[in-house]
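One structure is given below, encoded as structure tokens.
The values are calculated or read from the model by the stated rules, or taken from the named source; none is laboratory data. Quick caveat, the model's predicted, so the values are computed rather than measured. For neighbour counting, all protein chains shown are included, and Cβ atoms are generated from backbone atoms with ideal geometry for every residue, glycine included. Note: areas computed on protein heavy atoms with side chains; ligands, DNA, RNA excluded. Shrake-Rupley method; radii C 1.70, N 1.55, O 1.52, S 1.80 Å.
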Amino acid sequence: MKRILISLFISIPFLACSQEKETLKEKFEDYFLIGATINQEDYQIIDKDEKILKIVSEDFNSVTPENSMKWMHSHPEYSKFTFSNAQKITDFAKENDMYLLGHTLVWHNQVPEYVSEINDKAKFHLHLKNHIFQMVTRFKGKVDMWDVVNEALNDDGSLRETVFLEMMGDDYIEKVFQYANDTDPNVELAYNDYNLYKPKKREGAIRIINSLKEKGIRIDAVGIQAHWDLHFPSIKEIEETIVDLAATGVDVMITELDITVIPNPYELAGIAREEFKKFEGDKKWDPYQSGIPKNIQKKLTRRYKEIFELFVKHHDKISRVTFWGTTDKYTWRNENPIRGRTDYPLLFDREYNKKPALFELLNIDFSKIK
Ligand code: XIL
């Protein structure tokens with residue numbers, strides 16, 4: 001009934017401004033959860049920013065800690081865990097009745113130095129097992145889903161050479177999913193990665209999912225990170241990704257959506273991140289320092305509309321769509337992979353205002369989606 005009333009309401013063009021009262025989470029409530037992140041890292045202590053918390057609680061019904069549950073923040077020393085920042089987000093999620101992500105247990109990035117210094121394989125294995133046990137136990141009943149393993153694949157679908165692969169062998173993914181399940185059989189378990197629109201990499205993810213299933217090890221969902229841009233991946237590639245992954249039988253989630261509008265140096269294949277330093281301050285790589293041009297804003301709006309229409313079309317396969325960040329002011333894209341740039345990838349601008357793309361999403365006519 002509520003949905004019918006809302007539809008009637010938004011179909012009256014002259015009342016368009018009253019749509020501002022509608023929120024993203026209400027708009028998509030019959031389709032999937034809508035998430036955002038809360039950050040905690042040095043230059044972005046936004047848990048102290050009331051305005052951000054207001055946006056997150058009003059428009060979103062799921063939240064991911066952008067950094068604070070990662071190994072370097074939650075387990076910075078061999079025998080020391082620090083949970084206070086993650087706990088703040090956990091409390092916020094509970095107060096606002098939000099679906100909470102645990103991000104992430106096993107990832108090669110943002111791992112403290114000491115981890116790679118554990119030379120003994122048995123000791124390493126035990127330490128990783130204990131990390132998973134401590135994290136999952138600490139947030140039992142609070143975290144709804146863990147990104148158990150993040151970014152384990154190369155673009156060609158092979159396993160990335162990480163300290164986990166080196167120290168624990170080819171079946172480390174199976175082991176860590178098993179440990180997470182053993183610690184909390186009720187929390188949902190996911191594999192999360194980027195570039196899954198690339199067929200080889202997608203095959204790799206499907207291999208991981210199927211091999212866990214064949215061995216009777218639980219996996220509930222797969223996350224498509226979705227750090228995309230105005231042109232790629234194409235809608236067709238995104239659709240194939242969703243359909244192929246869903247065919248494995250697990251839930252598909254869009255876990256880290258943002259659409260960069262400035263040149264993306266990842267296209268410069270083979271360049272190491274260190275070398276991006278030389279692009280810092282170069283206007284070619286940071287063209288919109290004083291504002292997003294109108295035509296780019298339009299492209300961004302259209303791109304978000306097309307992407308969300310596709311998500312709605314496949315809503316039977318998609319359980320959640322999470323944006324990586326909240327406002328353009330704090331997006332990680334401003335700092336990665338080139339520091340100090342001005343990007344516009346999200347739905348709220350630097351002054352915390354809703355952008356045209358957000359209104360466009362509120363305007364989507366579900367009856368026209370087939
Ligand atoms: C990023 C955060 O947004 C940044 O604040 C941090 O400095 C680096 O990590 N894939 C992931 C996320 O799974 O955890 C990353 O988050 C972005 C890429």
Residue in the stretch 338-357 that is in a strand (DSSP E or B), crowded, with 20+ Cβ neighbours inside 10 Å and within 22 Å of the chain's Cα centre (by Cα) present: yes
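State yes or no: is Asp220 among the acidic types (Asp, Glu), farther than 17 Å from Arg320 by Cα and modelled with pLDDT of 95 or more? Spell out how you get there, then give the answer.
Numbers: among the acidic types (Asp, Glu): yes; farther than 17 Å from Arg320 by Cα: no; modelled with pLDDT of 95 or more: yes.
When the stated conditions are applied, Asp220 does not pass them.
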Residue in the stretch 278-297 that is open to solvent by less than 50 Å² (accessible area, probe 1.4 Å), over 21 Å from Ile338 (Cβ atoms) and part of a strand (DSSP E or B) present: no
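Yes/no per residue for (1) within 30 Å of Lys27 (Cα to Cα); (2) within 16 Å of the ligand (Cβ to nearest atom); (3) open to solvent by 10 Å² or more (accessible area, probe 1.4 Å); (4) free of Cβ contacts under 8 Å to residues at least 24 places away in the same chain:
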| position | (1), (2), (3), (4) |
| --- | --- |
| Val56 | yes, yes, no, no |
| Ile89 | yes, yes, no, no |
| Asn96 | yes, no, yes, no |
| Tyr114 | no, no, yes, no |
| Lys123 | no, no, yes, yes |
| Leu126 | no, no, yes, yes |
| Met135 | no, yes, no, no |
Inter-residue pairs, beta-carbon under 9 Å, first more than 17 Å from Lys94 (Cα to Cα) and more than 10 Å from the ligand (Cβ to nearest atom) and in the stretch 61-74, second open to solvent by 10 Å² or more (accessible area, probe 1.4 Å) and of a type in the set (Phe, Trp, Tyr), 6+ apart: Trp71/Trp107; Ser74/Phe81; Ser74/Phe83
Subset tally (residues that are under 30 Å from Pro337 (Cβ atoms) and over 19 Å from the mean Cα position of the chain (by Cα)) for the stretch 89-120: 7
Tally, over the stretch 309-337, of residues that are out of contact with any Phe, Trp or Tyr (no Cβ under 6 Å at 6 or more places or on another chain), charged (D, E, K, R), in a loop (DSSP other than H, G, I, E, B) and within 15 Å of the ligand (Cβ to nearest atom): 2
